[in-house]
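The values are calculated or read from the model by the stated rules, or taken from the named source; none is laboratory data. As the structure is a prediction and not an experimental result, all values here were calculated from the model. FYI the Cβ positions are ideal-geometry reconstructions off the backbone, even for glycines, and counts take in every protein chain you see. Quick note on the areas: whole protein, heavy atoms, side chains included, nothing else; ligands and nucleic acids left out. Shrake-Rupley method; radii C 1.70, N 1.55, O 1.52, S 1.80 Å.
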Amino acid sequence: MDGSTRISPYLSGNFAPVADEVDHRNLEVIGEIPAGLAGAFYRNGPNPQFDPGEEHHWFGGDGMIHGFYVEDGQVHYRNRYVRTPKWRAENAAGKRLFGLFGNPMTTDPSVLGTDSGLANTNIVWHAGKLLALEEGHKPFELDPITLDSRGYVDAYAGAVTAHPKLDPETGEMVWFGYSTGQMPLNAQMSYGVTDATGKVLRREDFEAPYCSMVHDFLVTRRHALFPILPLSGSLQRAMTGGPPFAWEPDKGAFVGVMMRDASADTIRWFEIDACYVFHPMNAWEEGDKIFADVMEYATAPLFPNLDGSMARNEGARLTRWTFDLAANGNTVKRERLDERTGEFPRFDERRAGLAYRHGWYAATTPDRGGDVNFSSIAQVDLESGRQTRYALPAGDATGEPVFVPRTAGADEGDGWLVSVVWRGEENRSDLLVFEAQDIAAGPVGVAKLPCRVPFGFHGNWRSAE
Ligand SMILES: [Fe+2]
């Protein structure tokens with residue numbers, strides 16, 4: 001399907017889905033792919049199998065995994081759909097059957113009650129399993145080499161975030177779910193832990209102050225933090241023709257803080273000025289204080305106001321939230337760390353939940369504009385304050401940059417940064433490899449794809465070690 005003539009911005013340009021599942025071995029390499037870089041880079045993103053119709057949203061496409069397999073300076077590529085129950089039903093019918101996010105009003109009666117999961121948001125390696133994640137459904141397992149679909153992991157017994165945290169000290173995967181109650185768009189949330197062997201140890205429900213889109217959360221060594229920010233969800237509003245999710249700052253904004261080993265009824269709700277965050281960088285604690293670095297928007301992007309209008313959005317900036325557990329009040333201190341705008345913050349995840357120094361994200365470039373067409377990769381050193389960037393050639397756009405340590409025991413930030421980049425002029429994609437501490441020098445190696453990787457969401461590296 002070529003979306004270039006479509007009206008929806010999320011079906012045209014590099015948002016347009018690719019039609020084919022392909023294998024390309026030994027990609028042409030410009031420069032040098034470091035010999036020490038050995039493993040697989042997986043990237044997930046939406047790729048609608050069939051014309052999604054009028055109600056399409058970028059987040060609503062079927063998940064497709066793009067795998068880059070790196071060994072001995074060579075790169076092989078493979079992409080496969082995640083064959084969810086929705087994908088299989090629509091593939092058999094030869095047409096779209098499901099409404100956006102399973103909307104029953106626009107779903108074909110033949111598949112009402114069939115799981116509508118998309119598995120399109122993130123892809124993580126944990127406890128020997130490659131898991132495609134999407135926040136409304138259970139993790140979906142794939143073969144790490146062939147990318148063949150294995151199916152949902154039923155042990156999770158309900159929705160799991162696309163942004164679990166992997167604890168580098170315990171090997172646990174810590175996660176949550178939102179809107180996990182019976183009816184769609186409810187305020188129930190769930191907190192859960194999977195141990196290092198893949199056994200789901202805990203799944204506990206609690207009530208949020210209201211139903212909101214909780215895309216991500218924060219985990220420190222001892223605490224979990226749940227941001228309830230006013231991108232509110234309302235079934236009643238959706239049933240009366242309004243937006244299911246809307247920017248509603250009057251709802252107030254809260255961050256729930258709980259001890260990881262305590263019960264969810266101990267959550268303490270801090271209050272924060274209305275803002276929105278899709279993605280935190282990292283969080284950690286020191287004494288009675290918890291610090292959280294997040295990409296903070298003044299208003300929620302990509303979603304409407306209550307009346308359906310779209311607010312102008314000026315982008316997200318890296319901002320530090322400080323919570324004082326010893327204070328009497330429940331206010332959050334906020335401090336801007338970086339004036340540049342961007343998204344998809346990543347760091348050396350061996351420091352997940354711990355004090356850290358180095359971060360990277362996809363950024364806009366001054367004087368170029370851009371929304372999710374991020375044309376720079378930004379680096380921030382939170383200890384020295386040094387900020388650098390690599391601006392792509394005009395017309396190109398980067399996805400989320402992912403850090404890969406040089407070796408398992410390398411110092412924090414010592415390694416490479418990998419990112420999938422769209423070459424606008426050629427309508428094609430490349431895998432870029434940077435020295436993580438010197439991105440401004442440009443990529444040390446570029447693996448050239450003959451095809452295109454549509455804009456998508458998250459990726460992760462799985463070391464060959
Ligand atoms: Fe995300």
Which of the residues that make up region 106-133 are out of contact with any helix residue (DSSP H, G or I) (no Cβ under 9 Å at 6 or more places or on another chain) and in contact (Cβ under 8 Å) with a residue 24 or more places away in the chain?
-> 122, 123, 124, 125, 126, 127, 128, 129, 130, 132, 133
Listed by first then second residue, the pairs whose first member lies in region 208-235 and is within 16 Å of the ligand (Cβ to nearest atom), whose partner is among the basic types (Lys, Arg), with beta carbons under 6 Å and at least 6 positions apart or on separate chains, are 219/165
Report the residue count in region 28-57 for those that are crowded, with 19+ Cβ neighbours inside 10 Å and either assigned to a strand (DSSP E or B) or among the hydrophobic types (A, V, I, L, M, F, W, C) (or both).
-> 9
Give region 132-155 a look and list any residue that's assigned to a strand (DSSP E or B) and either touching a Lys or Arg at 6+ places or on another chain (Cβ under 9 Å) or open to solvent by 20 Å² or more (accessible area, probe 1.4 Å) (or both), or say none.
-> 140, 141, 142, 149, 150, 151, 152
Lone unmet requirement of (1) closer than 24 Å to residue 400 by Cβ; (2) part of a loop (DSSP other than H, G, I, E, B); (3) open to solvent by 10 Å² or more (accessible area, probe 1.4 Å) for residue 214 = (3)
Any hit, region 102-110, residues being modelled with pLDDT of 95 or more and crowded, with 17+ Cβ neighbours inside 10 Å | no
All-but-one check, residue 43 against (1) among the basic types (Lys, Arg); (2) closer than 19 Å to residue 422 by Cα; (3) more than 24 Å from the chain's Cα centre (by Cα), failing number (3)
Only one residue in 158, 242, 171 is in contact (Cβ under 8 Å) with a residue 24 or more places away in the chain, closer than 21 Å to residue 353 by Cα, more than 16 Å from the ligand (Cβ to nearest atom) and not in a strand (DSSP E or B). Which one?
-> 171
Qualifying residue in region 254-269 (condition: surrounded by fewer than 21 Cβ atoms within 10 Å (Cβ to Cβ) and within 25 Å of residue 364 (Cβ to Cβ)) = no
In region 273-316, which residue that is acidic (Asp, Glu) and within 16 Å of the ligand (Cβ to nearest atom) is nearest to residue 333 (Cα to Cα)?
-> 293
Quickly run through region 247-277 and pick out the residues that are without any contact (Cβ under 8 Å) to a residue 40 or more places away in the chain, under 17 Å from residue 290 (Cα atoms) and not hydrophobic (A, V, I, L, M, F, W, C).
-> 261, 266
